[in-house]
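Take a look at the structure below.
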Amino acid sequence: MTKRLLIVGPPGSGKGTQAARITEGLGVVAISTGDIFRANVKEMTPLGIEAKKYMDRGDYVPDSVTNSMVEDRLAQDDVKDGFLLDGYPRTVAQVEFLDGVLKAKGQDLDAVILLTADEDELVKRLLKRAEIEGRDDDTEDVIRHRLSVYKEQTADVVAAYRDRGLVREVDGLGELDEVTARIMDALKA
Ligand code: B4P
């Protein structure tokens, strides 16, 4: 079974939600760059203070910051049996950086899960999360901005992995269990 995976999709498509579910089944570690940034913001570390400036606006944190953070995380022991990277890479420069990190370890990616959902549904989900969790970047203006940043920057990421034949596109609409089952089927296919 597949062990080195990425999950890509627009904000609100269910990446974090599904990452938690499928890594449990696969026995690999989930690594969410968004979660690592939020933990650093909460602890007010230098990384968190830097990242917050971008996150609050809905912009991407600079590649230099994000890349070295991921490289450190991928060097840890719990990653040796596999990983699911959630929300990384999001730019072409991040794709190239990740290629270099994996190449140095003699590893390849097994699959890239692309979760899809239409824009109205994405905005609806994130506004609902805003009511529940109160994340600073879940206001309607910032959500729209995050969606446009995703379209601008991350389409090329998907294209790069499509060219390598790695992308498994999965419909992110429906009940959580249904979406999880679709992802597991896509990984087995
Ligand atoms: P992320 O934390 O990755 O935030 P996100 O795109 O909103 O996705 P998330 O995983 O949280 O939400 P999900 O779709 O699971 O990034 C936040 C910020 O961090 C970025 O804007 C950026 O500033 C920075 N960042 C992170 N990675 C970066 C990188 N590589 N480079 C640069 N900057 C980076 O779920 C959303 C909501 O939908 C949830 O409330 C969930 O309950 C709900 N939901 C999920 N599935 C559903 C379903 N099937 N039906 C109904 N609701 C559903």
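The values are calculated or read from the model by the stated rules, or taken from the named source; none is laboratory data. Everything quoted here is computed from the prediction, not taken from an experiment. Counting neighbours? That spans all protein chains shown, and the Cβs are built from the backbone with ideal geometry, glycine included. What goes into the accessible areas is simple: the full protein's heavy atoms, side chains included, and nothing from ligands, DNA or RNA. Shrake-Rupley method; radii C 1.70, N 1.55, O 1.52, S 1.80 Å.
Quick look at the numbers
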read-out	value
Burial ranking of peptide ranges 181-187, 26-32 (average Cβ count within 10 Å, highest at the top)	26-32, 181-187
Mean ellipticity per residue at 222 nm, deg cm²/dmol - from DSSP H runs of n ≥ 4 across the chain, formula -39500 (n - 2.57)	-19000 deg cm²/dmol
Cross-link reach list, aspartates and glutamates versus LYS3, counting only Cα pairs under 17 Å and skipping chain neighbours closer than eight places	GLU24, ASP77, ASP78, ASP81, ASP86, ASP99, ASP108, ASP110, ASP185
Virtual spin-label span in nm between GLU175 and GLN107, 7 Å along Cα→Cβ	3.5
Calculated from backbone phi, Karplus (6.51, -1.76, 1.60) coupling profile of the stretch 150-162 in Hz, x at Gly/Pro	4, 4, 5, 9, 9, 4, 5, 5, 4, 4, 4, 6, 4
Probe 1.4 Å, protein heavy atoms only - accessible area per residue of the stretch 30-112 in square angstrom	50
Cα centroid of the stretch 48-79 to Cα centroid of the stretch 103-165, whole Å	15
Phi-based couplings in Hz for the stretch 121-131 (Karplus 6.51, -1.76, 1.60; Gly and Pro marked x)	5, 4, 5, 4, 4, 6, 5, 5, 4, 4, 5
Placed amide H near SER32: partners under 5 Å, 5+ positions off or other chain	ASP86
Surface share of carbon and sulfur [accessible, 1.4 angstrom probe, percent] for the stretch 97-171	46
